[in-house]
């Protein structure tokens, strides 16, 4: 092939920039877990096709991966390291769906409410990352009814569901009872927290939950996203597995859950088998 021809995108090789290496070493919350994982897979040797093969469990399509890398390149976190025999001329700007810019603006507005003194350029950059990362998740929720990532370790309680305690955080008693019945019928132990204060009590109890099913719209001044953020910031609970179980199905809501570190996202109304599947996948248990 001519040295002046553009390689197919999947043949492109990237390396970290100095700033990308610094963020990978000390993330400080600037990029999410998904983007950190992508940064850690980019080494200046492997093609994007090889990198994509390592990230299939995130539900990324090849076009998703190209969009993610393009965004990292735009932020000067990665740079092209063309394969010998190829000359790199940069990505063609990938088409976004009609709602992408609107989603970015909605996320930026939400972030601005939470961080009114933050730099607007940084908020917009963060919002773009959130919108991009929510793409595969939103598609999974739309197509499958749920999104779930397996935890990094095997199921700590073995393969028996009755070794696991699932906590339902839900302020609607009827909704909580429905979820408890589904979870208990699968063989899991269950408990219920009506609000954030009860959630904290369960987390401090001698028997901590192995998985939390978290509603977003809770009574009180803080919602389920706020409690998820607190859980992820606390060293003792940072690895606690959390699935958002909520009627919030907009792209910006799913993006927020992903960026805050949710292991899964299930939208109401839901089928019992989908909730069971999300729980088993998150706990690394085989589907019954």
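From the P(r) of the range 172-288, could you give the percentage of C-alpha pairs in the tail past 24 Å?
19
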Checklist outcome for this item: Per-residue ellipticity at 222 nm attributable to helices in the chain (runs of n ≥ 4 DSSP H, -39500 (n - 2.57) apiece, nearest 500 deg cm²/dmol) works out to -14000 deg cm²/dmol
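If you average the sequence gap of Cα pairs under 8 Å that are 6 or more apart and divide by the length of the range 147-282, what percent do you get for the contact order?
Numbers: 216 pairs, mean separation 35.9, N = 136.
Once divided by the residue count of the range 147-282, the mean separation gives 26 percent.
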Item to check | Listed values [x] 18.5, 59; [y] 20.3, 67; [z] 18.3, 63, entry calculated as Rg and Dmax of the Cα atoms in Å | outcome: [y]
Next on the checklist: Using only Cα atoms and rounding to the nearest 10 degrees, what angle (0 to 90) does helix 173-185 make with the longest principal axis of the chain?
Outcome noted: 80
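Under the 0.36 nm per residue contour assumption, what length would be gained going from the current alpha-carbon distance of residue 201 and residue 81 to full extension?
38.1 nm
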Checklist outcome for this item: Going fewest to most other Cβ atoms within 10 Å around each Cβ, 200, 258 line up as 200, 258
Item to check | Segments 130-143, 110-123 sorted - mean Cβ within 10 Å per residue, highest first | outcome: 130-143, 110-123
Checklist entry - Quick one: what does P(r) look like for the range 100-144 with 5 Å bins over all Cα pairs, in whole %? => result 5, 25, 27, 19, 13, 7, 4, 1
Checklist entry - Taking other Cβ within 10 Å of each residue's Cβ, how do 65, 38 sort, fewest first? => result 65, 38
Checklist entry - How far is helix 251-260 tilted, in degrees, relative to the longest principal axis of the Cα atoms in the chain, given as a value from 0 to 90 rounded to the nearest 10? => result 90
Checklist entry - In what order do 77, 285 fall by count of nearby beta-carbon atoms within 10 Å, going from fewest to most? => result 285, 77
Checklist outcome for this item: Expressed as a whole-number percentage, the relative contact order of the chain with C-alpha contacts under 8 angstrom and at least six residues apart is 18
Checklist entry - Taking the range 9-80, how much of its Cα-Cα pair set, in percent, is spaced more than 19 angstrom apart? => result 24
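All of the numbers you see were taken from the coordinates with simple rules; none came from a lab. All values derive from a computational prediction rather than experimental measurement. Glycine gets a Cβ as well: all are built from the backbone with ideal geometry, and neighbour counts include every protein chain shown.
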